[in-house]
1. What pairs can you find where one residue is in region 134-155 and among the charged types (D, E, K, R), the other is part of a helix (DSSP H, G or I) and within 11 Å of the ligand (Cβ to nearest atom), and their Cβ atoms are less than 8 Å apart, with a gap of 6+ or different chains?
2. Take V45 and decide whether it is under 21 Å from V155 (Cβ atoms), of a type in the set (A, V, I, L, M) and more than 8 Å from the ligand (Cβ to nearest atom).
3. Among the residues that make up region 47-55, is at least one of them within 22 Å of S191 (Cβ to Cβ) and buried (at least 19 other Cβ atoms within 10 Å of the Cβ)?
4. Applying the selection to region 18-42, what residues are touching a Cys at 6+ places or on another chain (Cβ under 6 Å) and in a helix (DSSP H, G or I)?
5. Yes or no: V45 among the β-branched types (V, I, T), out of contact with any helix residue (DSSP H, G or I) (no Cβ under 9 Å at 6 or more places or on another chain) and either modelled with pLDDT under 95 or on the phi < 0 side of the Ramachandran plot (or both)?
6. Starting from region 25-39, take each residue that is more than 15 Å from V56 (Cβ to Cβ) and list its partners that are within 6 Å of the ligand (Cβ to nearest atom) and of a type in the set (S, T, Y), counting only C-beta distances under 9 angstrom and pairs at least six apart or across chains.
7. For region 2-45, how many residues meet the condition of being basic (K, R) and over 26 Å from S191 (Cα atoms)?
8. Failed condition for W158, given (1) exposed (fewer than 14 other Cβ atoms within 10 Å of the Cβ); (2) closer than 24 Å to L17 by Cα, with all others met?
Amino acid sequence: MWLSPLKLITHWVHDGLRSHLRPGDWVVDATLGNGHDAASLAQCVGPSGHVWGFDVQAAALDSARARLGDHPAFEAIHADHARLAEQLPEEARRRLRAVVFNLGYLPGGDHRVTTTPDSTLKALAAAIEWLADGGVLCCTCYPGHQGGESECHAVLDWFDSLPSHRGALTRIESPNTSAPSPFCLWFELHSSPTPAH
Ligand SMILES: C[S@@+](CC[C@H](N)C(=O)[O-])C[C@H]1O[C@@H](n2cnc3c(N)ncnc32)[C@H](O)[C@@H]1O
């Protein structure tokens, strides 16, 4: 069976999160959309964990709630992810085991509403400060849609600027496609920061 680059990336991300997360963990889905990623996160952290899901569109929140039902770990937040720090409870600071971004527009929804470099970079900067040691910041980027390429460049530059003593950066992509294809950045914070050199 042929798997598109996006399907492969999604499998890889969900597998990575399954290996990384434990029941009871606290995580954020910064772009809730239709709730596929949040459902996978909720399965990983179980009923004793917590999944906060952000989206600016009511249609996305409805769609995600329909997918997750009344999963006890799940909480939808109708807000820009740039406001992550003011929306999460203080106890979650430096306790998140993962923050997951899946940029772009809502599939099946209004394609004019997309993530933007400004709020995405603000949200990434907040997210990394709220991660626990050993936590993961993961971002799937789409260069193919209007505005997507500049957002991808901005996000890549931001991840590239993270010092290696803070964590390890992995990039997954399909380098030989004819059209610009999605790629994923996965940054895993070191468990205890190693000295810079
Ligand atoms: C590609 S979809 C996310 C897919 C989703 N994670 C899933 O598994 O179904 C991108 C989502 O980001 C949302 N979005 C756009 N700008 C946002 C922002 N500033 N804050 C939070 N969500 C935003 C869009 O409304 C859209 O639903």
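1. If the second residue must be part of a helix (DSSP H, G or I) and within 11 Å of the ligand (Cβ to nearest atom), the pairs left are E151/P117; E151/T120.
2. So V45 does not fit the description; no.
3. Checking region 47-55: at least one residue is within 22 Å of S191 (Cβ to Cβ) and buried (at least 19 other Cβ atoms within 10 Å of the Cβ).
4. Going residue by residue through region 18-42, those that are touching a Cys at 6+ places or on another chain (Cβ under 6 Å) are 18, 21.
Scanning region 18-42 gives a single hit, R18.
5. Working: among the β-branched types (V, I, T): yes; out of contact with any helix residue (DSSP H, G or I) (no Cβ under 9 Å at 6 or more places or on another chain): yes; either modelled with pLDDT under 95 or on the phi < 0 side of the Ramachandran plot (or both): yes.
Yes.
6. Qualifying pairs under 9 Å: D37/T31.
7. In the first step, residues of region 2-45 are kept if they are basic (K, R); the result is 7, 18, 22.
Add one more test, that the residue is over 26 Å from S191 (Cα atoms), and what stays is 7.
Of the residues in region 2-45, 1 are basic (K, R) and over 26 Å from S191 (Cα atoms).
8. Here W158 meets the rest and fails (1).
The values are calculated or read from the model by the stated rules, or taken from the named source; none is laboratory data. Here the structure is a predicted model, which is why all the values come from computation and not from measurement. Positions of Cβ are generated from backbone atoms using ideal geometry, with glycine treated the same way; all protein chains shown enter the neighbour counts.
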